[in-house]
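Student: My structure is below; once you've seen it, I'll send some questions.
The values are calculated or read from the model by the stated rules, or taken from the named source; none is laboratory data. Computed from a predicted model, the values in this text were never measured in an experiment. Using ideal geometry, Cβ is built from the backbone for each residue, glycine included, and neighbour counts are taken over all protein chains shown.
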Amino acid sequence: MKYFALTAFIFLSLTGSAQTDSSIVKFRNPSSVAMLKGLSHAVIVDMGKSQMVILSGQVPLDSRGNLVGKNDMGKQTEQVFVNIKNILSELGGTMDNLVKIGVFTTDASQIQAFREARNRFINIDHPPASTFVQVSKLFRDDVFIEIEATAIIPKKIVYPLLNE
């Protein structure tokens, strides 16, 4: 019972402080992606020399909220990766900073179209850890894919001017 109480205390302490301490966790909605109600596109966690960026599931909507690639898994996947790339860029990162992606699709038989589009965006020699899952439905019938992502972006070192 003591172990459970200690674990619960540590968990509540960490989760409680993460939500209230704005110096550690920041919630962002970059302008490069469509604003969706009820979520933050990116949560940034300060890790000292780097920041962890956790992205909500990205879908094939352009910055105005229009579906890209109706009935085309490859084009939908490409738009999702464009969204991920744009968010990371706005936050000071690149696609090389991706460490994990979670892919949710309504049609796993389209994995080759997914891979062809994905490979134009990631480092295929050192790809991020990945999960690929078929689901029965996403939030809209015309959306075939949703991808969540995590990146670790090193903080830029700012050197003071030598003549100061």
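Student: Quick one: is Val82 touching a Gly at 6+ places or on another chain (Cβ under 9 Å) and either surrounded by 17 or more Cβ atoms within 10 Å (Cβ to Cβ) or of a type in the set (S, T, N, Q) (or both)?
Tutor: Answer is no for this residue.
Student: Please pick out the residue among Lys75, Lys26, Lys70, Lys85 that is in contact (Cβ under 8 Å) with a residue 12 or more places away in the chain, part of a strand (DSSP E or B) and either of a type in the set (A, V, I, L, M, F, W, C) or on the phi < 0 side of the Ramachandran plot (or both). Step through it out loud before you land on a result.
Tutor: On the way: Lys75 fails: part of a strand (DSSP E or B); Lys70 fails: part of a strand (DSSP E or B); Lys85 fails: part of a strand (DSSP E or B).
After ruling out the rest, the residue left standing is Lys26.
Residue-by-condition table, conditions (1) within 15 Å of Pro60 (Cβ to Cβ); (2) part of a loop (DSSP other than H, G, I, E, B); (3) at pLDDT below 95; (4) touching a Pro at 6+ places or on another chain (Cβ under 6 Å):
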{"residue": "Arg115", "(1), (2), (3), (4)": "no, no, no, no"}
{"residue": "Ile122", "(1), (2), (3), (4)": "no, yes, no, no"}
{"residue": "Thr131", "(1), (2), (3), (4)": "no, no, no, no"}
{"residue": "Ile147", "(1), (2), (3), (4)": "yes, no, no, no"}
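Student: Give me a count of the residues in the stretch 96-113 that are over 25 Å from Val45 (Cβ atoms) and either in a helix (DSSP H, G or I) or among the β-branched types (Val, Ile, Thr) (or both).
Tutor: The qualifying residues number 8.
Student: Go through the stretch 70-91 and give me each residue that's β-branched (Val, Ile, Thr) and in contact with a helix residue (DSSP H, G or I) (Cβ under 9 Å, 6 or more places away or on another chain).
Tutor: Matches in the stretch 70-91: Thr77, Val80, Ile84.
Student: Here are the criteria: (1) among the small types (Gly, Ala, Ser); (2) over 18 Å from Ile153 (Cα atoms); (3) buried (at least 19 other Cβ atoms within 10 Å of the Cβ); (4) under 18 Å from the mean Cα position of the chain (by Cα). Tell me which single one Gly69 does not satisfy.
Tutor: Checking Gly69 against (1) among the small types (Gly, Ala, Ser); (2) over 18 Å from Ile153 (Cα atoms); (3) buried (at least 19 other Cβ atoms within 10 Å of the Cβ); (4) under 18 Å from the mean Cα position of the chain (by Cα), the one that fails is (4).
Student: Identify, by number, the condition in (1) of a type outside the set (Asp, Glu); (2) part of a loop (DSSP other than H, G, I, E, B); (3) buried (at least 18 other Cβ atoms within 10 Å of the Cβ); (4) more than 13 Å from the chain's Cα centre (by Cα) that Gly93 doesn't meet.
Tutor: That leaves (4) as the condition not met.
Student: Identify, by number, the condition in (1) at pLDDT 75 or above; (2) within 15 Å of Gly93 (Cα to Cα) that Pro30 doesn't meet.
Tutor: (1)
Student: Find the residue count for the stretch 32-52, including only residues that are surrounded by 12 or more Cβ atoms within 10 Å (Cβ to Cβ), under 28 Å from Leu67 (Cα atoms) and of a type outside the set (A, V, I, L, M, F, W, C).
Tutor: 3
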